[in-house]
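In what follows, a single structure is set out as structure tokens and then discussed.
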Amino acid sequence: MIKTFENGLLSSNVHLIYSLGEGMIVDCGVRVDTVKDFILENNIEVKYIVLTHGHYDHCGYLANYIKAFPMASVICHTDEVQVLTDSEANVSEYLGAPCVYNYDYKLVNEGDKIRVGELEFSVLHTPGHTPGGICLLCKEQKLMLTGDTLFKNGYGRYDFKYGDFKSLRQSLLRLLSLDGDIVFYSGHGEKSTIEGEQ
Ligand SMILES: [Zn+2]
Ligand SMILES: [Zn+2]
């Protein structure tokens, strides 16, 4: 099951994946209160807080999420720590509120698996928007979380610090080569499919 919370920082989304009473929160740009209410109502034990990447609009409330779900492991890609801990790279500096996100991360890499109840997600390393951006693919459910790499009508910017067009192009080609039936849930905007409308 997936539940999307919208209207986060810079209109970002938070996605909650849950199965058999276990949960995984993807990104932290929406104030934690509504997310927490839903989690309590549905009796979900949050095992993971995953950051698709380290930009401010996806990590701004991370401290509040860690406080609300102290038992959860906080996951990011190995190459993303440099973004999280650099106020220029995580874009918070541009927005006039420089901060760094320096926590005890559980680092993941390409091909790692994350299990939530009966669902298994594979980590796809999709650099370009940031160096350690990840997508999470659940093959059984034909569901993918794409962060700011792929949107319904476009793709992420590559002009921030550590952004790179060549890598982003490679990452997008890889995603577009996946099964067209996969529904993807982005860091902003609506869900869609690889082939188009949803
Ligand atoms: Zn971003
Ligand atoms: Zn974003």
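Computed quantities for the displayed model
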read-out	value
Order of exposure, largest accessible area first, which applies to 66, 134 with probe 1.4 Å	66, 134
Overall Cα dimensions of the chain - principal axes, largest extent first, Å	43, 40, 28
Cross-link pairs beyond the 18 Å C-alpha cut-off, checked among 3/191; 3/47; 142/166	142/166
Residue-normalised accessible area of the chain, given per residue in Å² at a 1.4 Å probe	47 Å²
Amide hydrogen neighbours beyond the local backbone of residue 75, cut-off 5 Å, H modeled	49, 50, 51, 106
The chain: relative contact order as a whole-number percent, Cα under 8 Å and 6+ apart	17 percent
Partner aspartates and glutamates for residue 106 [C-alpha distance under 14 Å; skip if fewer than 8 residues away on the same chain]	79, 80
With every protein chain in place, the range 2-193: carbon and sulfur % of accessible area (1.4 Å)	47 percent
Calculated from backbone phi, Karplus (6.51, -1.76, 1.60) coupling profile of the range 18-27 in Hz, x at Gly/Pro	8, 7, 6, x, 9, x, 9, 9, 10, 6
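The values are calculated or read from the model by the stated rules, or taken from the named source; none is laboratory data. Every value quoted in this text rests on a predicted model; they were computed, and no experiment measured them. Protein only, heavy atoms only, side chains kept; ligands, DNA and RNA dropped before computing areas. Shrake-Rupley method; radii C 1.70, N 1.55, O 1.52, S 1.80 Å.
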